[in-house]
Amino acid sequence: MATFQKFALHVPSLEELAGVLQKGLKENFADAQVSVVDCPDLTQEPFNFPAKGMCGKPRITEVGGVPYLVPLAQTDKVYDLNTVAKDIELPGAFFLGAGAVSSRAVGVNAEFIPIALTKNEKQPAVNGSYLARINPADKRCLLEKYSSKYSDYEFGLMANLYASEGQPGKVLEVKANGRTGELNFVSCIRRTLEKHYGEKTVGMGGTFIIQKGKAKIHIMPAEFSTCPLNTDEDLNNWLNFFEMKAPLICQPVFVSRDPGCDLRLEHTHCFSHHGEGGHYHTDTTPDVVQYLAYLAPAELLFRIDRPKETHNVGRE
Ligand SMILES: [Zn+2]
């Protein structure tokens, strides 16, 4: 029986969050504007998601974790988004986030970019996910629509997911241009929340577009490491790093602090319409970078199949 934890998050009003985040972002960006808006129709360009919005019973979950990838991959760790939706008490949930593919299903290891509406009595599942893997021909990124011989909703090892009913509604719109500080966009928001809310855990998710500039993105190798990856240095030597260009559509999941669930505090995967995608680290063009985000605070946090043996390697 996989371990399971449920935790009620602190949920500030959108108006309060807008004020808190705008102040924090201005310490790390030349310009920042945060406002409360109606969520744009996410079925439209550039998102093309299978749900119109990201509102209605917002919750986040971390499934599995990095300890199932390093020091050595535990390839028997496979999950299904439809099952996760039931586990988080939201069958039919619309998921956005970051994870790893099911290697048995895809045939290789790769980055999973989950964008999926799951099934319930009222609706069939709709798959909009991507995977980013290393192209064996040129060792560059190969971004593909996700499909699997088992289930298009199957993934492996780990995932950080933002779930909702996929409804229209009010969200935060965050614009930040010109990075002046060291923190990446997500870390800046997360640390601002941590500083302001202290012991209260705030969790958020959604989507953001890197509209201008380039970003540092990693993609895991197609083959799992056969020698143990024991440190961040080992892991970084194993990963493939790229500089990818805007526009990149990124799905972040983050919590201001860990309430004792052994969480990865932030995890963001991106895709594009020009064949690039993967795991977001930061932008590499601070002077020209432009971020546009739509984010919402989650009400509940679920921790599913938390690794018993853990470590702090690879949490970036
Ligand atoms: Zn990742």
>> Gly53 - would you say it is within 16 Å of the ligand (Cβ to nearest atom) and surrounded by 23 or more Cβ atoms within 10 Å (Cβ to Cβ)?
In response: no
> Only one residue in Ala137, Ala159 is more than 21 Å from Asp305 (Cβ to Cβ) and among the small types (Gly, Ala, Ser). Which one?
Replying inline: Ala137
>> On the basis of being within 14 Å of the ligand (Cβ to nearest atom), outside any loop (DSSP other than H, G, I, E, B), among the β-branched types (Val, Ile, Thr) and in contact with a helix residue (DSSP H, G or I) (Cβ under 9 Å, 6 or more places away or on another chain), does Val63 make the cut?
In response: yes
> Is region 66-84 home to any residue that is of a type in the set (Lys, Arg), touching a Phe, Trp or Tyr at 6+ places or on another chain (Cβ under 6 Å) and under 24 Å from Asp152 (Cβ atoms)?
Replying inline: yes
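Let's see how each residue does on (1) within 18 Å of the chain's Cα centre (by Cα); (2) acidic (Asp, Glu); (3) crowded, with 16+ Cβ neighbours inside 10 Å; (4) under 27 Å from Ala176 (Cβ atoms):
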| position | (1), (2), (3), (4) |
| --- | --- |
| Ala32 | no, no, yes, yes |
| Phe49 | yes, no, yes, yes |
| Thr61 | yes, no, yes, yes |
| Pro67 | yes, no, yes, no |
| Val70 | no, no, yes, no |
>> With the requirement that a residue be farther than 15 Å from Ile115 by Cβ, assigned to a strand (DSSP E or B) and away from the ligand (no atom under 16 Å from the Cβ), what does region 155-175 give you?
In response: Gln167, Lys170, Val171, Leu172, Glu173, Val174, Lys175
>> Take the residues in region 223-233 that are of a type outside the set (S, T, N, Q) and buried (at least 18 other Cβ atoms within 10 Å of the Cβ); name whichever of them is farthest from Phe47 (Cα to Cα).
In response: Leu229
> In region 126-147, which residue that is of a type in the set (Gly, Ala, Ser) and under 20 Å from the mean Cα position of the chain (by Cα) is surrounded by the most Cβ atoms within 10 Å (Cβ to Cβ)?
Replying inline: Ala132
> Does Ile249 count as within 18 Å of Leu25 (Cβ to Cβ), of a type in the set (A, V, I, L, M) and touching a residue at least 24 places away in the same chain (Cβ under 8 Å)?
Replying inline: no
>> So Asn82 passes all but one of these: (1) surrounded by fewer than 24 Cβ atoms within 10 Å (Cβ to Cβ); (2) polar (S, T, N, Q); (3) in a strand (DSSP E or B). Which condition number does it fail?
In response: (3)
>> Of all residues being more than 23 Å from Lys139 (Cβ to Cβ) and assigned to a loop (DSSP other than H, G, I, E, B) in region 103-122, which is nearest to the ligand (Cβ to nearest atom)? Just the residue, please.
In response: Pro114
> Which residue pairs have Cβ atoms under 8 Å apart, sit 6 or more places apart or on different chains, and have a first residue in region 192-219 that is under 14 Å from Leu265 (Cβ atoms) and touching a residue at least 60 places away in the same chain (Cβ under 8 Å) and a second that is of a type in the set (Val, Ile, Thr) and part of a loop (DSSP other than H, G, I, E, B)?
Replying inline: Leu193/Val202; Val202/Val11
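Only the coordinates and a few stated rules stand behind these numbers; no lab work does. Being a predicted model, the structure only gives us computed values, none of them experimental. Note that we place each Cβ from the backbone using ideal geometry, even for glycine, and neighbour counts take in every protein chain shown.
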